[in-house]
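One structure is given here, and the rest of the page talks about it.
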Amino acid sequence: DAGITQSPRHKVTETGTPVTLRCHQTENHRYMYWYRQDPGHGLRLIHYSYGVKDTDKGEVSDGYSVSRSKTEDFLLTLESATSSQTSVYFCAISELSTSWLYFGAGTRLSVL
Amino acid sequence: DAKTTQPTSMDCAEGRAANLPCNHSTISGNEYVYWYRQIHSQGPQYIIHGLKNNETNEMASLIITEDRKSSTLILPHATLRDTAVYYCIVRVRETSGSRLTFGEGTQLTVNP
């Protein structure tokens, strides 16, 4: 299995608080992604990165920011968490030449 | 990326072949067909992909029709551990970033 670690695995927080989720990879893959998964919506892309300090928005990026200061780490930040951001968040990595994704185990976030 | 249509759910007896269909009638010539699956509470897992020819790996076989408007994922000897949601995705390979869009997929239940 690809070396992808998401932390924390579970988090409960209150509305209005900042939250940062971390994705760490040991594969030295160039591309990293953050998806969220909600019932009735499948997986939706939040942000992705195509290199250190190079990021771009996905289809549901409002309310989220990301940073990638090192190849191995991709951080997802909710500046002020809302209940609509309660979800399961998945990080994924890929090499451009192959294009398929390897996913992490997910982070279950509850915003109360 | 082309839209895909999959049945919402399917059942299969343990030890029998599971054949999961996917319709992608608007697929264009340079789009690949990818299959992923997601076992409950885990991250999605890549299974197989193809362009025109049928493909086989240690997990499954992929049969693509000659007109490429549909495909079938075959699990030759389904086990209880193959119970999962299966996603069919079509997209252009080698574009910048693997921005795979996941739909709702097919819930495959393998019964003893």
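Quick rundown of the values:
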read-out: Residue match in the range A:24-36 (condition: more than 11 Å from chain B (Cβ to nearest Cβ), open to solvent by less than 50 Å² (accessible area, probe 1.4 Å) and touching a residue at least 60 places away in the same chain (Cβ under 8 Å)); value: yes
read-out: Positions within the range A:53-105 being within 11 Å of chain B (Cβ to nearest Cβ), within 14 Å of the chain's Cα centre (by Cα) and of a type in the set (Gly, Ala, Ser), in sequence order; value: A:Gly58, A:Ala92, A:Ser94, A:Gly104, A:Ala105
read-out: Residues of the range B:1-11 satisfying the condition of being hydroxyl-bearing (Ser, Thr, Tyr) and either surrounded by 15 or more Cβ atoms within 10 Å (Cβ to Cβ) or in a loop (DSSP other than H, G, I, E, B) (or both); value: B:Thr4, B:Thr8
read-out: Strands (runs of 3 or more DSSP E) contained in the range A:14-112 and holding at least 3 residues at pLDDT 95 or above and among the small types (Gly, Ala, Ser); value: A:64-70
read-out: Among (1) without any contact (Cβ under 8 Å) to a residue 60 or more places away in the chain; (2) of a type outside the set (Lys, Arg); (3) more than 15 Å from B:Pro44 (Cβ to Cβ); (4) touching a Leu at 6+ places or on another chain (Cβ under 9 Å), the one test that A:Leu43 misses; value: (3)
read-out: Among the candidates A:Glu95, A:Glu59, residue that is in contact (Cβ under 8 Å) with a residue 24 or more places away in the chain, acidic (Asp, Glu) and surrounded by fewer than 18 Cβ atoms within 10 Å (Cβ to Cβ); value: A:Glu95
read-out: Check on A:Tyr48, under 11 Å from the mean Cα position of the chain (by Cα), under 21 Å from B:Tyr34 (Cα atoms) and touching a residue at least 24 places away in the same chain (Cβ under 8 Å); value: no
read-out: Selection within the range A:37-52 - on the phi < 0 side of the Ramachandran plot and at the interface with chain B (Cβ under 10 Å from one of its Cβ atoms); value: A:Gln37, A:Pro39, A:His41, A:Leu43, A:Arg44, A:Leu45, A:Tyr48, A:Ser49, A:Tyr50
read-out: Some residue of the range A:62-71 being touching a residue at least 40 places away in the same chain (Cβ under 8 Å) and open to solvent by 40 Å² or more (accessible area, probe 1.4 Å); value: yes
read-out: Among (1) open to solvent by less than 40 Å² (accessible area, probe 1.4 Å); (2) out of contact with any helix residue (DSSP H, G or I) (no Cβ under 7 Å at 6 or more places or on another chain), the one test that B:Ser25 misses; value: (1)
read-out: Strands (runs of 3 or more DSSP E) completely within the range B:12-105 that count 3 or more residues being within 13 Å of chain A (Cβ to nearest Cβ); value: B:31-38, B:45-50, B:84-92
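The values are calculated or read from the model by the stated rules, or taken from the named source; none is laboratory data. Not measured: the values here are computed from a predicted model. Cβ coordinates were reconstructed from backbone atoms using ideal geometry, including for glycine residues, and neighbour counts include every protein chain displayed. The protein model used for the area step is the full one, side chains on, heavy atoms only, and it has no ligands, DNA or RNA in it. Shrake-Rupley method; radii C 1.70, N 1.55, O 1.52, S 1.80 Å.
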